[in-house]
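Taking it in order: structure first as structure tokens, then the write-up.
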Amino acid sequence: MIDPDSYDWSRFEIVFYYDRPPAEVFRAWSTVRGLTSFFVETANFVSPGGVERDCNESAHVGDRYRWDWRHPYWLEGEITRADENRELAFTFGSMAVSIRLADIDGQTELCLLQTGIPDSADGRVFGHLNCRSCWVFFLTNLKSVLGGGPDLRDQDPARVSSMEVGFAPLASAAEDIGYS
């Protein structure tokens with residue numbers, strides 16, 4: 001059993017495998033078109049010179065981004081590493097995320113590392129547990145989308161956060177399904 005007092009709450013790592021080449025997985029993470037296919041509702045990347053990148057153009061180090069999800073939440077940050085087809089790293093609120101790709105036996109191994117999570121009650125719940133569960137969902141959605149399957153995100157902004165820690169269905173919806 002893991003002892004929560006000795007567990008490193010400041011970071012986590014998730015590994016997924018995709019039956020697509022690294023270049024295709026990288027484009028999903030580094031372009032507006034890719035990100036909006038599985039992750040966010042709208043996105044943009046703006047160069048340090050203030051020029052917004054085309055929806056098919058990969059982000060570069062120093063680019064600023066804004067990502068808006070389907071529910072009323074958005075995030076702004078900066079690309080801190082962009083090594084084409086190998087790694088993309090970015091600020092994520094007060095934390096940092098890196099996506100590393102490797103070709104392993106004909107599959108693309110994706111390793112997502114989130115660091116800088118505050119070791120506090122809120123950090124443990126929202127920065128670690130919540131982010132981890134959401135990343136697992138979005139990595140699964142990416143697998144579906146890249147494989148030609150459906151986008152698994154719920155279209156209803158009132159329900160899109162159902163994978164988050166602490167999600168409670170709207171009272172009326174909960175009553176409709178006998179959950180209260």
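Odds and ends about this structure:
- Listed by first and then second residue, the pairs with beta-carbon distance under 6 Å, at least 6 apart or on different chains, first residue in the stretch 91-109 and over 27 Å from R64 (Cβ atoms) and in contact (Cβ under 8 Å) with a residue 12 or more places away in the chain, second assigned to a strand (DSSP E or B) and among the small types (G, A, S), are E109/A102.
- Residues of the stretch 1-35 that are crowded, with 17+ Cβ neighbours inside 10 Å and either among the β-branched types (V, I, T) or assigned to a helix (DSSP H, G or I) (or both): P22, V25, F26, R27, A28, W29, S30, T31, V32, G34, L35.
- Condition met for R66 (over 19 Å from T140 (Cα atoms), charged (D, E, K, R) and not in a loop (DSSP other than H, G, I, E, B)): yes
- Each residue in the stretch 47-66 was checked for being without any contact (Cβ under 8 Å) to a residue 24 or more places away in the chain, surrounded by 13 or more Cβ atoms within 10 Å (Cβ to Cβ) and hydrophobic (A, V, I, L, M, F, W, C), and 1 of them qualify.
- Residue in the stretch 52-61 that is in contact with a strand residue (DSSP E or B) (Cβ under 9 Å, 6 or more places away or on another chain), within 26 Å of R159 (Cα to Cα) and small (G, A, S) present: no
- Any hit, the stretch 115-138, residues being assigned to a strand (DSSP E or B) and in contact (Cβ under 8 Å) with a residue 24 or more places away in the chain: yes
Read the figures in this text as sums done on the coordinates, not as results from a lab. Fair warning: this is a prediction, and the values are worked out from it, not measured in the lab. Every residue, glycine as well, gets a Cβ built from its backbone with ideal geometry; the counts of neighbours run over all protein chains shown.
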